[in-house]
Amino acid sequence: MSKAPSHSPAVSVIMANYNCEAYLKGAIRSVLNQTLADIELILVDDGSSDGSVALAEELARQDPRLRVFSGTRFGGPAPVRNHALDQARGEWIAIVDSDDLIAPQRLQHMLEAAINTKADIMIDDLAIFQNDGEPDITTMLEGDLKDRPGRIMECEYIKANMLYGRGSQLGYAKPLILRSCLDTNNIRYNEDMRIGEDYDLIVRLLSAGARMMSLPEAMYFYRKHNRSISHRLDAQSLDALRAAAEAAMCQPTPHAEVTAAHAARLKSIRRAIVFDGVIDALKDRDIIRALVLVRQDPSILPLLRLPLLGKVQKMMGNPFARRDEDLTNELQKLRHQCEA
């Protein structure tokens, strides 16, 4: 366990790790190589059985801004991040996953923009890449947010987080958050959630009056690989999402459009739960149970094309991926610098 810094840095980057040795060096280096030097990196391990803790501790001996906390099994990213928040001393909190990469200028650019716009929460675009295969990159933001900086209101944020919805999925964004906004409102991660915990945290901050802004630049590189958990919708994760959405519906709000957005998101989660049950029934060759579930919610029928579409994409490549030469070149350069 590392000692606390002698001063309060501008930004505390919190990073949860679980058996991510293969990608951890790159993630850590991309944070420590930031043009904004006044940072600390709080890495909290979740009981890894690989060599990632030893790797992180070796890097910490080379750079005292990296502080490593290990020896406890927390059981998921939300409690790990809460522990990291307890250790952090920065005025701002940034979230970076242990298998991702960030561009060297990211934290400086986001911090300057947050201060200039008086934001409590700042996000940038997300460049999504497959760990193996073609370097085609998809990005998160769509519409006006893709072209220019903008403010994201609570209602808009909720609408941009429908399960199996179209458009920008803002819950995937990795935010920069003003620490005092978290502390004043006594807001921390919901430890019952394994996915969607960032969305849940931000929507509670917005409900408390936080000001959220976005930048169109893609400076966060989100790596998709077989062990990624953020895109896995198992029954337990869906149930936690449903419980959180139902709790949000119970919170008083003076804005009818916010209530309507929460109701629509809860409906999308309930539909996803039925869809998950249909897929399980089909895997078990239980056609009768699958038909009963479809009759329960016929709106899931369009979703049944998703497994087939996934198989086609594996065979033919993702037809929705766009080749962005600038982002591809930046990613290749970043991987060379950080993962070598």
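The values are calculated or read from the model by the stated rules, or taken from the named source; none is laboratory data. This is a predicted model, so every value here is computed, not measured. In this analysis, Cβ positions are derived from the backbone assuming ideal geometry, glycine residues included, and neighbour counts consider all displayed protein chains. All accessible areas refer to the heavy atoms of the entire protein, side chains included, with ligands and DNA or RNA removed. Shrake-Rupley method; radii C 1.70, N 1.55, O 1.52, S 1.80 Å.
Checked against a 21 Å cut-off, the cross-linked pairs Lys159/Lys283; Lys118/Lys224; Lys118/Lys174 give Cα-Cα distances beyond that limit for Lys159/Lys283; Lys118/Lys224. Once the Cα atoms are used to define both axes, helix 21-32 deviates from the longest principal axis of the chain by about 60 degrees. Amide H contacts for Asp50 (H built 1.01 Å from N in the peptide plane; partners 5 or more residues away or on another chain; cut-off under 5 Å): Asn19.
Amide H to amide H, with H built 1.01 Å from N, Glu142 comes under 5 Å of Ser168, counting only residues 5 or more places away or on other chains. The HN-Hα couplings worked out from phi for region 236-242 by the Karplus form 6.51 cos²θ - 1.76 cosθ + 1.60 (θ = phi - 60°) are 5, 5, 5, 5, 5, 4, 4 Hz, whole numbers, x standing for Gly and Pro. Of the solvent-accessible surface of region 90-203, computed with a 1.4 Å probe over protein heavy atoms with every protein chain present, carbon and sulfur atoms account for 45 percent.
Once the Cα-Cα distance is subtracted from the 0.36 nm per residue extended length, the Glu339 to Ser180 segment shows a gain of 53.8 nm.
When only DSSP loop residues count, what trypsin sites (Lys or Arg not before Pro) in region 1-97 have their Cβ near at most 13 other Cβ atoms within 10 Å? Passing sites in region 1-97 are Lys3, Arg73. Here the Karplus curve 6.51 cos²θ - 1.76 cosθ + 1.60, taken at θ = phi - 60°, turns the phi angles of region 90-101 into couplings of x, 6, 10, 10, 10, 10, 9, 7, 6, 10, 10, 9 Hz, with x standing for Gly and Pro. Figure note: His255, His262, His83 ranked by solvent-accessible area, largest first, 1.4 Å probe, ligands and nucleic acids not counted: His255, His83, His262.
Accessible area per residue for the chain, computed on protein heavy atoms with a 1.4 Å probe, is 49 Å².
Relative to a virtual label point 7 Å from the Cα of Arg148 in the Cα→beta-carbon direction, which members of region 166-181 show backbone nitrogen distances below 20 Å? Residues passing the 20 Å test: 168.
Applying 1/(1 + (r/R0)^6) with r as the Cβ-Cβ distance of Lys224 and Asp86 and R0 = 30 angstrom yields a FRET efficiency of 0.50. Accessible surface for Thr35 stands near 80 Å², nearest 10, in the context of the full protein assembly shown (1.4 Å probe). For region 235-289, the list of trypsin sites (Lys or Arg not before Pro) that fall in a loop by DSSP and count at most 15 other C-beta atoms within 10 angstrom reads Arg285. Length gained on full extension, Thr328 to Ala264, computed as 0.36 nm times the residue gap minus the Cα-Cα distance: 19.5 nm.
Annotation note: trypsin sites (Lys or Arg not before Pro) in region 90-169 located in DSSP loop regions with a Cβ neighbour count of at most 11 within 10 Å are Lys118, Arg166.
Computed with a 1.4 Å probe on the full set of protein chains, the accessible area for Thr139 sits at about 30 Å².
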